[in-house]
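Structure first, then comments.
The values are calculated or read from the model by the stated rules, or taken from the named source; none is laboratory data. Predicted, not measured: the structure shown is a model, and the values here were computed from it. Here Cβ is always computed from backbone atoms with ideal geometry, including for glycine, and neighbour counts include all displayed protein chains. The protein model used for the area step is the full one, side chains on, heavy atoms only, and it has no ligands, DNA or RNA in it. Shrake-Rupley method; radii C 1.70, N 1.55, O 1.52, S 1.80 Å.
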Amino acid sequence: MRKSFMKNKLSDDLRASKKKKKIASDVIDLLRMEYGLDLTYSQAYHGLQFTKKFLWGDDVKSCSDFVWYKDAIEQYNPGSVVNFEYDSVTRRFKRFFVAFEASITGFNNYYHPMLFIDCTFLTGKFKGGLMVACGKTGNQEIYPVAFGIAPCENCESWQWFLTNLKGIIRENRPLTIISYRGIVLLKHVPEIFPNAFHSFCLYHMKGNIPVPKCRSR
C-alpha cells in the first residue's frame with residue numbers, strides 16, 4: 001500500500017469532510033467500505049498524515065513561515081499591523097496578530113461600527129486558538145478586520161488580542177462589540193474598550209440555556 005495511492009483516494013474525501021478524518025480508524029473504515037481494502041493501523045496513520053501534508057502543508061514549516069510572513073506584510077503592505085511574539089530563549093512561537101491596511105481603513109471609515117469577536121480551536125500538530133474580529137458590510141456580508149493566533153483561549157490571550165485590536169480602531173469611533181459572553185470577555189472588554197457597548201450573540205446564549213426538549217405526543 002503506497003502513500004501516494006492513499007493520497008489519491010483520500011484527498012477528495014478529506015476536502016469534503018467536516019470531520020477531516022482526524023484518526024486512522026476512520027481511514028481504515030473508509031477504504032474497507034469503498035474499496036474492500038484491509039489496512040493496518042500503521043498504514044492508515046502514515047497515509048493520512050501524508051495526505052494532510054499534501055493538502056494543507058507541513059505544520060512545522062507553517063510555523064517557521066511566520067517570520068517570512070511578518071516581513072513580507074511589513075514590506076509589501078505598508079499600514080498593516082503585525083505583532084509576532086516568540087520566546088527569545090527557546091525561539092518557540094508564542095502569538096501572532098495581523099490586521100491588513102485595507103481592513104483597518106475600511107472598517108474605520110466605511111463600515112458599521114460593530115465588531116464580532118470569537119475564537120475557534122486549531123486542530124493541527126501544535127493546537128492553539130484562532131481569534132478573529134469581523135465587521136459587517138451594508139450588504140450584510142462578513143468583513144474580516146483582524147486575526148490572532150494564541151496558544152489557547154484564556155484570560156491572557158484575550159487580553160492580548162483585545163489590546164492589539166484596540167490599537168487599530170480609531171479612538172473617536174463609537175463601537176459595539178458582540179461576543180459569546182464568556183467570563184473572560186465580560187472582564188476584559190469593559191477594561192480595554194471602556195466606551196464601547198458590549199452585546200452578546202443570541203446564538204451562543206440560546207445554546208447555553210438548558211431547556212429540556214419537549215416530547216412529541
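Key figures
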read-out	value
Residue tally, condition on the phi > 0 side of the Ramachandran plot and either touching a residue at least 12 places away in the same chain (Cβ under 8 Å) or touching a strand residue (DSSP E or B) at 6+ places or on another chain (Cβ under 8 Å) (or both), over region 65-124	1
Positions within region 150-173 being under 18 Å from the mean Cα position of the chain (by Cα), outside any helix (DSSP H, G or I) and either among the charged types (D, E, K, R) or under 18 Å from ASN83 (Cα atoms) (or both), in sequence order	ALA150, PRO151, CYS152, GLU153
Residue within region 66-86 that is among the hydroxyl-bearing types (Ser, Thr, Tyr) and in a helix (DSSP H, G or I) present	yes
Residues within region 34-78 that are of a type in the set (Gly, Ala, Ser), open to solvent by 50 Å² or more (accessible area, probe 1.4 Å) and over 20 Å from SER4 (Cβ atoms), tallied	2
Residue among ASP13, ASP38 that is outside any helix (DSSP H, G or I), over 21 Å from ALA150 (Cα atoms) and of a type outside the set (Gly, Ala, Ser)	ASP38
Residue within region 89-108 that is under 23 Å from ARG173 (Cα atoms), of a type in the set (Ser, Thr, Tyr), open to solvent by 50 Å² or more (accessible area, probe 1.4 Å) and modelled with pLDDT of 90 or more present	yes
In region 114-149, residue modelled with the lowest pLDDT [restricted to those that are in a strand (DSSP E or B) and within 24 Å of GLN49 (Cα to Cα)]	PHE121
